[in-house]
């Protein structure tokens, strides 16, 4: 459908707890967000019909605008060409009912197993388990684990085309023995996608054809040097709609609603898994602007990290799910994974360890509560830093170049016991870092969100920081498939809140020593000379959309993006916070002494005006 024909767009995202609806309209030649509504998700009892939550969220938009968007009987969305009511197109994403849960299988865990994991994660799935011939489990243990986890779908890979067949067939025998039953729907077969050695396809079909809804797609690792994840990802989306969504309560109705008229013909728009839709948007932004992008969505139960970095000159998209790192249901897991010391190091006042443990336990007992005092807010943000940091660590481990490929090795590598791929994540080359999720999007001050992103991701060189204003990235992701222009315009003008550029020299030095000198040429024609000192942070006021041509001259051995000691000329862009100069050095190390650490944390927070002045007296 041509751009000009679609002027009114309604999109919903059915989350695990909340269903969010947004209305986009074309006004004065550009697409803009008009309003939004939300309501509790109704996939579980007592309603057990996801469309009830959708109708309630859209009903809120009706109340706000005084216009009709529902059908006359209030039992559907009105899509048509009536300019007085309804919309031109309706679409939706979903992670309700636990989202898309998958098990993946591959012959070698660090090769085809990892490729299968990347394919599933990129399609928006939560990978519950990676089964491999060399994962150390016995046959019966693998069978028991598949049965216990009850995935919505299984992706089996293994072997390069023309390679070994035996191990691939053995994996199919494991799946056959497990004979897993789906979570939703009685009497239908579990979807299994085979994306392995094409020579083994016939044998796999003999093993699984009668017990599963088997779909054979091109090999995700046709040769060692190449990954071909696209066909498997597309099939995951297709089967997610056809088998998983169709069986979940109310989704068959929602799937019928999602679409638009092309002439007089009705055309459906597929429902996408929420994380898959966010990934589509991140990929689109990286492709459209030709930049390296990283996005993070920190939720109550999981933290997703998305990235697009180059590998051998080609942009590569990666997504990871840290299923045990979240701010409400999984908050105790953050403490267990990070350790008490690592959480406490971010608290800028003296605090009893038992007190911190009790606060975290209370949050787990009552996961939907929000901080009521400044002290509680600071503690929650300290936990968030560690959740984000650990999610990045996990992302680095999976976002790697292909393993098993012959690479040039040094004599030092000869002593390594295992060969691993090199991570693609390069914080020095990162251009845009986007934060999403309640703790970032709803931080009382935007400077708090900036500090959280800088402290946990430790960007290097020059990086633009941004947050998703109201978490509409999933809806814009599904919209980008149908109407890229609308998705781009709304993302740029209404979704993304630019916090400002962060300049972080990589290198270390004594406290107060100069790390770099900046000459900023402002838009008013004036120039400013600024010094970045080790151990200090400062903010240079520069508004949203304002740019300053800047020459950065790093100290000897310090890198700001052009190489150690080399000058960099760049346009620094402002934002709601301004340009943040982070002179704390990379690698970043907090002072060991408690009193010095507290003093530094308070100094940095004050420099960014992150908290009211009274926070300096907390904990005394």
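The table for this structure:
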read-out: Modelled FRET efficiency - R0 45 Å, residue 141 with residue 366, Cβ distances, 0.05 increments; value: 0.75
read-out: Calculated FRET value between residue 588 and residue 28, using beta carbons and R₀ = 51 Å, to 0.05; value: 0.65
read-out: Relative contact order (percent, whole number), region 257-392, Cα cutoff 8 Å, 6+ residue spacing; value: 19
read-out: Rg and Dmax of region 140-186, Cα atoms only, in Å; value: 12.3, 38
read-out: Fewest-first sequence of 395, 567, 260 by Cβ atoms within 10 Å of each Cβ; value: 567, 260, 395
read-out: Gain on full stretching of the segment that runs from residue 519 to residue 202 - 0.36 nm per residue minus C-alpha separation; value: 107.5 nm
read-out: Taking the chain and dividing mean pair separation by its residue count, relative contact order in percent (alpha carbons under 8 Å, at least six apart); value: 11
read-out: Most to least packed among 62-70, 9-17 [average Cβ atoms within 10 Å]; value: 9-17, 62-70
read-out: q = 0.16, 0.17 Å⁻¹: log10 I(q)/I(0) that the Debye formula gives for region 407-565, counting C-alpha atoms only; value: -1.04, -1.10
read-out: Sorted largest first, extent of the chain alpha carbons per principal axis (Å); value: 71, 70, 49
read-out: Euclidean distance between Cα centres, region 449-468 to region 470-511, Å; value: 12
read-out: Inter-centroid distance (Cα atoms) of region 552-568 relative to region 156-226, Å; value: 51
read-out: Isotropic mean projected area of the C-alpha convex hull, region 3-95 (nm²); value: 6.0
read-out: Fraction of beta bridges assigned by DSSP in region 191-269 that are antiparallel (%, nearest 5); value: 55
read-out: Antiparallel %, DSSP beta bridges [both residues in region 3-95], to 5; value: 70
read-out: More than 27 Å apart - percent of Cα-Cα pairs taken over region 99-247; value: 10
read-out: Förster radius 41 Å - calculated FRET efficiency between residue 226 and residue 5, Cβ distance, rounded to 0.05; value: 0.55
read-out: Mean ellipticity per residue at 222 nm, deg cm²/dmol - from DSSP H runs of n ≥ 4 across the chain, formula -39500 (n - 2.57); value: -9000 deg cm²/dmol
read-out: Burial ranking of peptide ranges 482-488, 425-431, 40-46 (average Cβ count within 10 Å, highest at the top); value: 482-488, 425-431, 40-46
read-out: Neighbour-count ranking [beta-carbon atoms within 10 angstrom, fewest first] of 340, 458, 155; value: 340, 458, 155
read-out: Percent of beta bridges antiparallel (DSSP, the chain, rounded to nearest 5); value: 65
read-out: Whole-number percent relative contact order across region 3-95, with pairs defined as alpha carbons under 8 Å at least 6 apart; value: 29
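Values in this text are rule-based calculations from the coordinates and carry no lab data. On a predicted model such as this, the values are computed, not experimentally measured, just so you know. Counting neighbours? That spans all protein chains shown, and the Cβs are built from the backbone with ideal geometry, glycine included.
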